[in-house]
There are 2 protein chains.
Amino acid sequence: MDYRPINFRQKLALFDDRWAPKVLAELNDYQFKIVKLEGDFIWHDHQDTDEAFIVLEGELRIDFRDGAVTIGAGEMFVVPKGVEHKPYAAREVKMLLIEPRGTPNTGDQGGERTAANDVWI
Amino acid sequence: MDYRPINFRQKLALFDDRWAPKVLAELNDYQFKIVKLEGDFIWHDHQDTDEAFIVLEGELRIDFRDGAVTIGAGEMFVVPKGVEHKPYAAREVKMLLIEPRGTPNTGDQGGERTAANDVWI
């Protein structure tokens, strides 16, 4: 086994594309992914799983059909399974996603914003 | 549903006991716990699950039978299931633990350092 920690800043320096989560680590059948967001995403939901967001830098807004949450650096939020949501970042956001291996970023909606899955960094 | 983010600093201000993880949120059958560590813990392992550590403040060392890893703020590490480990914090460490609901802090070893489980904050 590898006795080195995973450093978020070092990993963030390795890529610059937005909305393309990269896998950092696995916890059983869950994955920790790091991602940069900027601008608007699509409405989607994940019928089979909750989805956890931890913001490292910036401010992420997640819109719901009946409201919104704003998540800043040092904050987290869990979107329950089946709840439609749309992430929005007015400026660049750097964050972690934690969810089961194989969860697509566009949920059950798919489409052109669907990122490649299981891309490690 | 509650549209407020979970703020780590706010939660950390609510308690001061060490080695007593508090649950912040659930992701399916996994829990995000926040904990303060200081000093030495016991050797233990978790036969049935990996265990993820994300350090928020301070520097955590985890000893293994054949080495050690040092995890600083903004870093994470996953201890694989079945691997004996002993956390150590020379000074106070504030961190997140992510693991399945019901995972005891002392793993399969138990004993007097076993913290109450499923304590929410």
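The values are calculated or read from the model by the stated rules, or taken from the named source; none is laboratory data. Values in this document were obtained by computation on a predicted structure and should not be read as measured data. A quick note on method: Cβ atoms are made from the backbone with ideal geometry, for glycine too, and the neighbour counts reach across all protein chains shown.
A few notes on this one:
- Within region B:95-103, the presence of a residue that is farther than 27 Å from A:Asp48 by Cα and β-branched (Val, Ile, Thr) is excluded.
- Residue that is farthest from A:Phe77 (Cα to Cα), among those in region B:35-61 that are in a loop (DSSP other than H, G, I, E, B) and facing chain A (nearest Cβ under 10 Å): B:Asp48
- Residue that is farther than 28 Å from B:Phe53 by Cβ, surrounded by 15 or more Cβ atoms within 10 Å (Cβ to Cβ) and out of contact with any strand residue (DSSP E or B) (no Cβ under 9 Å at 6 or more places or on another chain), where the choices are A:Thr114, A:Thr106: A:Thr114
- Qualifying residue in region A:6-25 (condition: in contact with a Ser or Thr (Cβ under 7 Å, 6 or more places away or on another chain) and at pLDDT 95 or above): no
- Qualifying residue in region B:106-119 (condition: under 23 Å from A:Ile98 (Cα atoms) and touching a helix residue (DSSP H, G or I) at 6+ places or on another chain (Cβ under 7 Å)): no
- Sole exception among (1) at pLDDT below 95; (2) under 27 Å from A:Phe53 (Cα atoms) for B:Val69, by number: (1)
- Taking the criterion of being aliphatic (A, V, I, L, M), within 11 Å of another protein chain (Cβ to nearest Cβ) and assigned to a strand (DSSP E or B), the residues of region B:62-121 that qualify are B:Ile62, B:Ala68, B:Val69, B:Ile71, B:Met76, B:Val78, B:Val79, B:Leu96, B:Leu97, B:Ile98.
- Listed conditions (1) farther than 19 Å from A:Asp29 by Cα; (2) among the acidic types (Asp, Glu); (3) in contact with an Asp or Glu (Cβ under 8 Å, 6 or more places away or on another chain) are all met by B:Asp45, apart from (1).
- Subset of region B:1-34 (residues that are farther than 26 Å from A:His46 by Cα, within 7 Å of chain A (Cβ to nearest Cβ) and not in a helix (DSSP H, G or I)): none
- Qualifying residue in region A:46-62 (condition: of a type outside the set (Phe, Trp, Tyr), more than 14 Å from the chain's Cα centre (by Cα) and closer than 20 Å to B:Leu97 by Cα): no
- Any hit, region B:87-100, residues being under 18 Å from A:Lys33 (Cα atoms) and surrounded by fewer than 16 Cβ atoms within 10 Å (Cβ to Cβ): no
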